[in-house]
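The values are calculated or read from the model by the stated rules, or taken from the named source; none is laboratory data. Everything numeric in this text was worked out from a predicted model, so none of it was measured. Ideal geometry is used to build each Cβ from the backbone, glycine not excepted, and the neighbour counts take in all protein chains shown. Ligands, DNA and RNA are excluded from the accessible area calculation, which covers all protein heavy atoms including side chains. Shrake-Rupley method; radii C 1.70, N 1.55, O 1.52, S 1.80 Å.
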Amino acid sequence: MDEAEAKTTDPTVFVVDDDDAMRDAVSALMRNTGIACRTYSSAQAFLDALADIGRDVGGCLVLDIRMPGMDGLELQDALIRIGVDLPIVFVSRYGDIPTAVRAMKSGATDFLSLPAEGKVLRDRIAAALDADVDRRERRRQLAELRTRATTLSPRETEVFERVATGQANKAIAIDLGISERTVEIHRSRVMRKMMAYNLAELVRMKISLDARI
């Protein structure tokens with residue numbers, strides 16, 4: 001493994017390419033930009049390194065399509081299977097439209113044909129890093145919502161689910177066999193525990209929990 005110095009706690013650009021010159025070029029580009037970078041000469045080397053790096057590392061992956069052994073698309077599939085969703089910028093001198101389409105359908109952030117200007121590559125990587133920041137923030141928000149949801153009692157959860165689908169208090173009361181006043185009390189507790197300021201926000205929270213972003 002050819003590896004540039006980096007702290008894995010920092011957002012990191014991981015470069016997987018069997019071309020020494022390409023790895024060196026991206027590493028230098030990132031160093032000049034002040035972004036941590038690690039480089040690997042094969043897909044398997046990167047997979048092996050994940051044991052130490054951790055699957056929830058922040059950053060992005062700059063990945064070649066054609067490499068000996070496991071190619072870029074196969075690595076993408078392997079990462080999906082193990083739950084690593086780093087944004088991927090594919091780079092290749094041999095990319096074609098069907099390959100690019102497959103990569104993008106599998107979740108790649110970008111597909112860049114080489115040779116490419118340094119500024120273009122830097123901008124594509126920057127966009128991927130921004131996408132990762134957004135992804136991690138959505139994860140944080142979802143984890144917080146799940147934590148709040150666990151504080152609801154079973155009855156409050158039932159009320160939450162019905163209120164969030166637009167069911168009126170009277171209908172909820174009939175459905176659950178309780179009084180409207182009791183529904184109002186539970187609804188108030190749900191709003192407080194979920195930290196929702198209004199019904200629209202509560203609905204958005206329920207959608208996020210159901211979607212499991």
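Quick notes on this structure:
- Answer label for percent of Cα pairs over 29 Å apart (calculated), chosen among (i) 23; (ii) 32; (iii) 42: (iii)
- Using R0 = 25 Å, the C-beta based FRET efficiency linking VAL120 and ALA49 works out to 0.35.
- Distance in nm between pseudo-label sites at THR33 and ALA21 (7 Å out along the Cβ direction from Cα): 2.1
- MET194 accessible area, assembled protein chains, probe 1.4 Å, Å²: 0
- Two-site FRET efficiency, ARG140 against MET104, from Cβ-Cβ distance with R₀ of 25 Å, rounded to 0.05: 0.45
- Separation in nanometres of the label points that stand 7 Å from Cα toward Cβ, at ILE207 and GLN167: 2.0
- Directionally averaged projected area (convex hull, Cα atoms, the range 140-204), nm²: 3.9
- Placing +1 on each Lys and Arg Cβ and -1 on each Asp and Glu Cβ, with no other charges, gives the chain a dipole about its Cα centre of roughly 1420 debye.
- Taking chymotrypsin sites (Phe, Trp or Tyr not before Pro) in DSSP loop states with no more than 13 other Cβ atoms inside 10 Å as exposed sites, the chain has its longest site-free stretch at 95-196.
- Surface accessible to a 1.4 Å probe, per residue, for the residues of the range 72-213, Å²: 57
- For GLU184, solvent-accessible area (1.4 Å; no DNA, RNA or ligand), Å²: 80
- Take the Cβ atoms of SER179 and SER153, set R0 to 22 Å, and the FRET efficiency comes out at 0.85.
- Exposure of THR150 as accessible area (Å², to 10), given a probe of 1.4 Å and all protein chains: 110
- Length released on extending from ARG66 to TYR197, taking residue separation times 0.36 nm less the Cα-Cα span: 42.0 nm
- Protein accessible area in the chain, 1.4 Å probe - carbon and sulfur %: 51
- Cα-based radius of gyration of the range 80-119 once divided by 2.2 N^0.38 Å, which approximates compact folds: 1.25
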